[in-house]
Amino acid sequence: DVVHKGWAAALANHYVRKVPEVRIGRTTDGDSITDPTALLDCLFVKTKVDIFNRGYSGYNTRWAKRVLPVLSTEFRSDGEDRLPIEFVTVFFGANDAATSSPQHVPINEYKENLGTMVDFFSRELLGNSTSRILLLSPPPLDEGQWCMGNRTLEQSELYAKACEEVASAKETQFVDLWRAIRAAPEWEDCLSDGLHLSAKGNEIVFDQVLRAIEDNLPQCLPDAIARDAPLWSEVTEALESGKTLEEIF
């Protein structure tokens, strides 16, 4: 799944396989590296877990902040018909770190924008909890592969550290993808074009996000989530044993 669909789709499919028929929300928000198309493909094939993916290709935090009111109406947790959101991932910084580009956002503003996003998701989706927000650092930039010349490895590291500072200040979870990818053998192979993730890179992101959930949010793991309906096999077995539907449900 990681190889063919990307890290976000693999995470979705992990919950699909482990928690059939559960209807609890998870939200992923980020730029093109969040891989929204692949995720939706996975979910439409096996829609058993509701994972709300909002990956805005090419966006920086300045632009993404403008979209928050849209998400507010879509995901407000106080609506009676809204699913409870278990956790949120926020994955920005790769475009903010671009130099000589309209995508560039100065590092102090980047930190302020991330903080605004954390406050929004905490307030609107998570009942004022920041501990269930995972801030993902931007990955390293391989200048040898990236042909546009407006990004550097050094700049990507600065924004990764800035992301960590926001996570610490806001008491969110932090997933250090910059260091994790840089620590991989032949780390350049983790990037398909110097910026976006390759299959190898997606595997690392998936592993790091899942590890963060296991270590810090065990209540959000698939095995910890109760299903809201029995499996079809449990229904048929119960019917064959003589139970009525009223007794089963």
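Quick notes on this structure:
- Residue count, region 138-148 (criterion: in contact (Cβ under 8 Å) with a residue 24 or more places away in the chain and either open to solvent by 10 Å² or more (accessible area, probe 1.4 Å) or more than 22 Å from P102 (Cβ to Cβ) (or both)): 7
- Of the residues making up region 123-137, not a single one is open to solvent by less than 10 Å² (accessible area, probe 1.4 Å), farther than 28 Å from P84 by Cα and of a type outside the set (K, R).
- Residues of region 98-115 classified as of a type outside the set (D, E, K, R), within 17 Å of V166 (Cβ to Cβ) and out of contact with any helix residue (DSSP H, G or I) (no Cβ under 6 Å at 6 or more places or on another chain), total: 2
- So Q155, is it closer than 20 Å to A97 by Cα, part of a helix (DSSP H, G or I) and either polar (S, T, N, Q) or open to solvent by less than 40 Å² (accessible area, probe 1.4 Å) (or both): yes
- Within region 177-212, tally of residues that are at pLDDT 95 or above, open to solvent by 30 Å² or more (accessible area, probe 1.4 Å) and either in contact with a Lys or Arg (Cβ under 6 Å, 6 or more places away or on another chain) or under 13 Å from S137 (Cα atoms) (or both): 3
- Residues of region 162-189 satisfying the condition of being over 15 Å from G201 (Cα atoms) and without any contact (Cβ under 8 Å) to a residue 24 or more places away in the chain: S168
- Looking only at region 166-176, and only at residues there that are open to solvent by less than 60 Å² (accessible area, probe 1.4 Å) and not in a helix (DSSP H, G or I), the one that is nearest to F121 (Cα to Cα): T172
- Entirely in region 181-249, the helices (runs of 4 or more DSSP H) that have 1 or more residues that are of a type in the set (K, R): 199-216
- Selection within region 171-200 - touching a Phe, Trp or Tyr at 6+ places or on another chain (Cβ under 8 Å) and under 30 Å from T116 (Cα atoms): I181, G194, L195, L197
The values are calculated or read from the model by the stated rules, or taken from the named source; none is laboratory data. Here the structure is a predicted model, which means the values were calculated and not measured. Glycine also receives a Cβ, built like all others from the backbone with ideal geometry; neighbour counts cover every protein chain displayed. Calculation scope for accessible area: heavy atoms of the full protein, side chains included, ligands and nucleic acids excluded. Shrake-Rupley method; radii C 1.70, N 1.55, O 1.52, S 1.80 Å.
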